[in-house]
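Each remark here refers to the structure printed beneath this line.
The values are calculated or read from the model by the stated rules, or taken from the named source; none is laboratory data. Here the structure is a predicted model, which is why all the values come from computation and not from measurement. Don't worry about glycine lacking a Cβ; one is built from the backbone with ideal geometry, like all the others, and counts go over all protein chains shown.
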């Protein structure tokens, strides 16, 4: 008979209830003050029915198991990536915002006009304020480009602006140089023809012959096809952010050029595309993904990233999230990201689904 293989306990299972409790307190204290946490501080602040020596021994055991570390021999303890992950694992499913706060946030959104841009700006502001971190919100992007509406606006006798609206709210524009003068009435009539012919159609359907007649109709058809194709290639539409300066003032970033460069990556579209693909891989809209240290992309290894996908299934989706130091208020940040993602999804279903 082969010897029974020893089972490797899941993260946190090897901790006693007391150690789990104390680890949560250390993370809470370190998040609040950015200072190593000592045993006496915990006993006095939380009126623990334990001696400082007992707490000190438990913190030492947590350090031996990799959940805490001690910067200096005489200093208190700080959470490690493993410690953060343990606490986050308990918060992802269990944490929630107070009902009055959820009502206040929802009221702000429903007071705003039915304008996707305003929703995105408001989402970025709410996330940054509640999570005390840099927010990141991408406008909804069609999962599959579908024609919704076209406008042709005369700028000059031989120049027009093509404005293509896709289902889901994405707006694409292109400047057209005309071979012959076209006035606004003729341009509007041509746009109406396109709207009657292609409304609600996918890219493959728009491309199906018969082609429009030569001249401007053919030029517009080619431009519409190209814009829809480009939309399908991109995952990150317009990006909204807030709270970056607040994060840069945190101790972890104030004197770290590497950390500041990492946050600057939030303005890089190629990086955002990569980050968004990581979120899109999640099947469920509204599911929260938390990346800490080594879990995050190489560019953000000094940070914590909380992301969620929002949208209307089969129509369009985007990303909401926050980026900040690993010393982030996860108990507030995680449920805020989840709530905003679900709220945006609900609003999209109510107003954008036809």
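Please tell me if residue 171 is over 16 Å from the mean Cα position of the chain (by Cα) and without any contact (Cβ under 8 Å) to a residue 12 or more places away in the chain.
The answer is yes for residue 171.
How do the pairs read when you match residues in segment 89-111 that are in contact (Cβ under 8 Å) with a residue 12 or more places away in the chain with residues anywhere that are loosely packed, with under 10 Cβ neighbours inside 10 Å, using Cβ under 7 Å and keeping only pairs 6 or more apart or on different chains?
Between residues of segment 89-111 that are in contact (Cβ under 8 Å) with a residue 12 or more places away in the chain and residues that are loosely packed, with under 10 Cβ neighbours inside 10 Å, there is no close pair.
Suppose the filter is touching a residue at least 12 places away in the same chain (Cβ under 8 Å), under 29 Å from residue 119 (Cα atoms), surrounded by 15 or more Cβ atoms within 10 Å (Cβ to Cβ) and not assigned by TED's automatic domain parsing to the domain that holds residue 161; does residue 250 pass it?
Yes; evaluated as a whole, the condition is true for this residue.
With the requirement that a residue be farther than 21 Å from residue 306 by Cα and either touching a helix residue (DSSP H, G or I) at 6+ places or on another chain (Cβ under 8 Å) or buried (at least 17 other Cβ atoms within 10 Å of the Cβ) (or both), what does segment 91-108 give you?
108, the sole residue that qualifies.
Within segment 95-211, considering only helices (runs of 4 or more DSSP H) that don't extend past its boundaries, which have at least 3 residues that are under 30 Å from residue 342 (Cβ atoms) and in the same structural domain as residue 268 (by TED's automatic domain parsing)?
Passing ranges, in order: 99-111, 116-131.
Looking at 258, 270, 281, 287, which one is within 28 Å of residue 169 (Cβ to Cβ) and modelled with pLDDT under 70?
The match here is 281.
For segment 236-250: of the residues being assigned to a helix (DSSP H, G or I) and touching a strand residue (DSSP E or B) at 6+ places or on another chain (Cβ under 7 Å), which is farthest from residue 167 (Cα to Cα)?
Only one residue fits best here, namely 247.
Would segment 58-73 turn up any residue that is in a strand (DSSP E or B) and within 30 Å of residue 194 (Cα to Cα)?
no
Mind checking whether some residue in segment 306-326 is part of a helix (DSSP H, G or I), in contact (Cβ under 8 Å) with a residue 60 or more places away in the chain, in the same structural domain as residue 106 (by TED's automatic domain parsing) and on the phi < 0 side of the Ramachandran plot?
No, every residue in segment 306-326 fails to be part of a helix (DSSP H, G or I), in contact (Cβ under 8 Å) with a residue 60 or more places away in the chain, in the same structural domain as residue 106 (by TED's automatic domain parsing) and on the phi < 0 side of the Ramachandran plot.
Is segment 40-55 home to any residue that is in contact with a strand residue (DSSP E or B) (Cβ under 8 Å, 6 or more places away or on another chain) and either surrounded by 14 or more Cβ atoms within 10 Å (Cβ to Cβ) or modelled with pLDDT of 95 or more (or both)?
No, segment 40-55 has no match at all.
State all residues of segment 18-36 that are more than 18 Å from residue 88 (Cβ to Cβ) and crowded, with 16+ Cβ neighbours inside 10 Å; if no residue qualifies, say none.
Within segment 18-36, just 36 meets the criteria.
Of the conditions (1) surrounded by 15 or more Cβ atoms within 10 Å (Cβ to Cβ); (2) modelled with pLDDT under 90; (3) in contact with a helix residue (DSSP H, G or I) (Cβ under 6 Å, 6 or more places away or on another chain); (4) more than 23 Å from residue 225 (Cα to Cα), residue 88 clears all except one; give me its number.
(2) is the only condition that residue 88 fails.
Could you say which residue among 311, 321 is touching a strand residue (DSSP E or B) at 6+ places or on another chain (Cβ under 6 Å), modelled with pLDDT of 90 or more and crowded, with 22+ Cβ neighbours inside 10 Å?
Only one candidate qualifies: 321.
Select from segment 212-235 the residues that are touching a residue at least 40 places away in the same chain (Cβ under 8 Å) and not in a helix (DSSP H, G or I) and list them in ascending order.
Those that are touching a residue at least 40 places away in the same chain (Cβ under 8 Å) and not in a helix (DSSP H, G or I): 234, 235.
Quick check: anything in segment 297-308 under 26 Å from residue 145 (Cα atoms) and either at pLDDT 80 or above or touching a helix residue (DSSP H, G or I) at 6+ places or on another chain (Cβ under 8 Å) (or both)?
Among the residues of segment 297-308, at least one is under 26 Å from residue 145 (Cα atoms) and either at pLDDT 80 or above or touching a helix residue (DSSP H, G or I) at 6+ places or on another chain (Cβ under 8 Å) (or both), which makes the answer yes.
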